[in-house]
Every structure is written in C-alpha cells, then in structure tokens.
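Inspection log for the structure reproduced underneath, given as structure tokens.
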Amino acid sequence: EVLLVESGGDLVQPGGSLRLSCAASGLTVSGHQMNWVRQAPGKGPEWVSLILTGGSTNYADSVKDRFIIFRDDSSNTLFLEMNDLRVEDTAIYYCARISDDDDSDAFDVWGQGTMVTVSS
Amino acid sequence: DIQLTQSPSSLSASIGDRVTITCRASRSIGTYLNWYQQRPGKAPRLLIYSASSQQSGVPSRFSGSGSGTDFTLTIKSLKPEDFATYYCQQSYSTPTYTFGQGTKLEIK
C-alpha cells in the first residue's frame, strides 16, 4: 500500500521557522516528482513546491526564498523547511505525488496533511 | 498564472440526481485538467485526469469532458458519499499548478 504521512505542523509566531516531514512507504520518494500543496481554512488547495527526480526544485512565488524542499533518500522522507513564516502561511500542508502513469501531472497520492498555524 | 473559475460555487442536489460542475480556464490548456473530490477533514482524492480519463478505483458514475478553456465534471445518479467539495486543477502551466476555488455539493 502506498502511504504518505506528514508531521511537524505546529503553532508558530510570525517570523518563525518550522520543518515539515513526509514519510513515504510503498513508494520511493526519489523516484517520483514530489510536492507540497497547502490549503488555507475554507480555501482551495494551493501548490507550494516541487522536487523532481533529478533533485531540481520549484516554488510558488508566495514562498520563494523562504521555503526549501528537500528529501532524504536513506529515510525515504520528503521535507519542507519553512522560514520567515507569515500569518498567510497558515494552512494544512499536504505532501503529494505527481502521477507518472501519464503526462497529466495529476496529484494521485496524498498524505493526510499537517496543520501549520502562524499567529502571535 | 492560469486562473480556474468553477461554477457553481455550491450546489444542492438529491440522491439519484445527475449533476454537472463547470471549470473555465483563463486561457487554453488543452486537456491538462484534473478533478478532485474532497470530503470534510480529508485530503483531496484524484477522480479524473487529462480532462476525461478516470483514475483507477473511481466509480463509473464520475465522468469528465472538455478541452481548451471549458471543462465539466458530471456525476450521474448521486450517492450519499458523493456529497463533498470538488476542485479542478490545471497542469498545463507546470510547475505553477493552480486549482479552482471549489464547488460544494450538498444534499437537498
């Protein structure tokens, strides 16, 4: 069974930092395009960041220069390092895999999410 | 960025009804359009990819169509478990993927 389990969400003050983790089982993180997608309360999902199989990364403009996506192949875990957090970063953060069965770039596997709250 | 506009924002329907949700893109995206279902407190679930292809395990009552800028998700013969929020997502402009604002399907 393919499973993604996020952790690390917490309440943090504006300007603070947080590291999210996404532990994978049933799939190899380095073998897929892996993403972080967030969803603010009552809003639609928002793509945050992507790491390609080769290690290249991309970020939404809203988080560029503040967030870093990386992976640890030995533990088969995806990470999101979040710095200079803002109130508008408050959301549930999901890790999600892009399907490699076709060229749809659809998110076919999702974790259960971890909540990040930025508030003073 | 490519904007996606869903209509309606909310919809009331009864068990057994057929419903259609529309997603309009701000510019042509071919068939790079995917649909998701999200139940309360759960992660989104992929239903339809490439505008009209059904994801494995998705019931056949879900179907998608469209190309260019106009797309539809149709659910025929609604079941109780179908009452949820539905999102479209474009994957034409990679990797700046964008989602629609959602359509909440409620029981009448």
- request: Among what's in segment A:40-61 and is away from chain B (no Cβ under 11 Å) and surrounded by 13 or more Cβ atoms within 10 Å (Cβ to Cβ), pick the residue that is modelled with the lowest pLDDT.
  value: A:Thr53
Identity of the residue in segment A:28-58, outside any strand (DSSP E or B) and closer than 13 Å to B:Tyr97 by Cβ, that ends up nearest to the chain's Cα centre (by Cα): A:Gln33
- request: Sort out which residues of segment B:44-78 are closer than 25 Å to B:Ile15 by Cβ and of a type in the set (A, V, I, L, M, F, W, C), and write them in order of number.
  value: B:Leu46, B:Leu47, B:Ile48, B:Val58, B:Phe62, B:Leu73, B:Ile75, B:Leu78
- prompt: Of the residues B:Ile107, B:Ile21, B:Ile15, which single one is surrounded by 16 or more Cβ atoms within 10 Å (Cβ to Cβ) and away from chain A (no Cβ under 13 Å)?
  reply: B:Ile21
statement: Only one of A:Val5, A:Val109, A:Val37 is surrounded by fewer than 17 Cβ atoms within 10 Å (Cβ to Cβ) and within 12 Å of chain B (Cβ to nearest Cβ), namely A:Val5
message: Filter segment B:88-98 down to the residues that are facing chain A (nearest Cβ under 7 Å), buried (at least 23 other Cβ atoms within 10 Å of the Cβ) and not small (Gly, Ala, Ser) and list them by number.
response: B:Tyr97
task: Search segment B:49-87 for residues being charged (D, E, K, R) and more than 28 Å from A:Leu50 (Cβ to Cβ), and hand back the single one that is surrounded by the fewest Cβ atoms within 10 Å (Cβ to Cβ).
output: B:Glu81
- request: Report yes if some residue within segment A:65-81 is crowded, with 22+ Cβ neighbours inside 10 Å, hydroxyl-bearing (Ser, Thr, Tyr) and in a loop (DSSP other than H, G, I, E, B); otherwise report no.
  value: no
message: List pairs: first residue in segment A:24-44 and small (Gly, Ala, Ser), second residue surrounded by fewer than 17 Cβ atoms within 10 Å (Cβ to Cβ) and not in a loop (DSSP other than H, G, I, E, B) anywhere in the structure, Cβ distance under 6 angstrom, at least six positions apart or on different chains.
response: A:Ser25/A:Leu3; A:Gly26/A:Leu3
- request: Filter segment A:86-106 down to residues that are charged (D, E, K, R) and assigned to a loop (DSSP other than H, G, I, E, B) and give me whichever is farthest from the other protein chains (Cβ to nearest Cβ).
  value: A:Arg86
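The values are calculated or read from the model by the stated rules, or taken from the named source; none is laboratory data. Remember, predicted model here, so these are calculated numbers, not experimental data. Neighbour counts are summed over all protein chains in view; Cβ atoms, including those assigned to glycine, are modelled from backbone coordinates with ideal geometry.
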